[in-house]
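Questions regarding the structure given below will be posed in turn.
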Amino acid sequence: MLRIATILLASTIVLPGMAQAAGPFHLMMTDAKIGVLPEGWTAAKTGEGPGSVWKVQADASVPGGKVLAQTSADGPKRLFNLCVADKPKFRDVDISVAFKANAGKIDQGGGVVWRYKDAKNYYVARINPLEPNYRLYKVVDGKRTKVATAELKVPAGRWHVLHVVQQGNHIQCFFGNKKYLDVKDDTFPDAGKIGVWTKADAQTSFTALKAEEKPAKERKQGSAKE
């Protein structure tokens with residue numbers, strides 16, 4: 001828990017006036033209003049149906065006392081809930097986020113999206129407490145395809161940190177100090193937006209989202225701590 005708190009403290013919360021260049025990005029909610037979508041973020045869906053209701057919520061367990069949460073329990077099985085930062089865009093990126101699975105009968109947990117073109121085209125790495133796995137997917141024209149998977153079981157109701165690094169076509173996914181996935185994929189070669197993701201009725205809180213441009217020579221494995 002102490003390591004989680006250290007990560008959360010390092011991610012101070014800033015939304016309006018973020019730099020448009022692909023410099024370091026931090027999800028910042030100091031001035032964000034409780035109960036509404038943060039300024040500079042857009043909710044979206046892959047698929048159809050109710051769901052993808054994102055709000056800033058109070059949470060005393062994190063520094064700053066605010067989180068970004070997907071709050072709807074109505075999402076059908078095939079719906080993906082997205083909340084995407086309007087700016088900036090990244091190509092070679094080091095991205096991490098802390099998440100807490102609050103509820104969900106069909107699905108739980110969530111993850112990050114990057115090289116996001118639109119709600120039908122992006123990469124996503126996610127962890128689901130209802131399943132003992134950590135998975136990397138690509139969503140192309142609205143269809144999700146599994147790129148890589150590894151066994152991993154995490155408890156719901158606790159904070160966890162998911163961390164992804166991509167340079168060129170090389171994607172590495174970490175949890176804690178361990179690398180779980182290491183693959184190459186050429187589907188999305190260009191820069192895109194970043195954001196957070198859940199599936200179906202997964203009600204999940206997110207904080208400490210950080211992203212920065214990461215040239216290959218600067219990559220360090222296992223830089224996310226839990």
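The values are calculated or read from the model by the stated rules, or taken from the named source; none is laboratory data. Worth saying up front: this structure is predicted, and the values here are computed from it rather than measured. Because the Cβ atoms are built from the backbone with ideal geometry, glycine has one as well, and the counts that use them run over all protein chains shown. Surface accessibility is based on the protein's heavy atoms, side chains included, excluding ligands, DNA and RNA. Shrake-Rupley method; radii C 1.70, N 1.55, O 1.52, S 1.80 Å.
In the range 14-114, carbon and sulfur make up what percent of the accessible area (probe 1.4 Å)?
52
Follow-up. Using Cα-only point scatterers and the Debye equation, what is log10 of I(q)/I(0) for the chain at each q in 0.11, 0.14, 0.15 Å⁻¹, rounded to two decimals?
For the chain at q = 0.11, 0.14, 0.15 Å⁻¹, log10 I(q)/I(0) is -0.46, -0.78, -0.92.
Using a Förster distance of 22 Å, how high is the FRET efficiency between LYS117 and ALA150, based on the Cβ-Cβ distance and rounded to 0.05?
0.25
Could you list which residues have their amide H under 5 Å from that of LEU130, counting only those 5 or more apart in sequence or on another chain, with H placed in the peptide plane?
Result for LEU130 returns GLN108.
Moving on. Heavy-atom accessible area per residue, the chain, 1.4 Å probe: how many Å²?
44
A further question on this structure: Choose one of LEU68, HIS160, ALA208: the residue whose Cα lies farthest towards the positive end of the charge dipole of the chain (beta-carbon charges +1 Lys, Arg; -1 Asp, Glu; about the Cα centre).
Most positive-ward Cα: HIS160.
For LEU130, project a label point 7 Å along Cα to C-beta. Then give me every residue of the range 90-105 with its amide nitrogen under 19 Å of that point.
99-105
Let me ask another. Tell me the trypsin sites (Lys or Arg not before Pro) within the range 54-123 that lie in a loop according to DSSP and have at most 12 other beta-carbon atoms within 10 Å.
Those satisfying the criteria are LYS77, LYS105.
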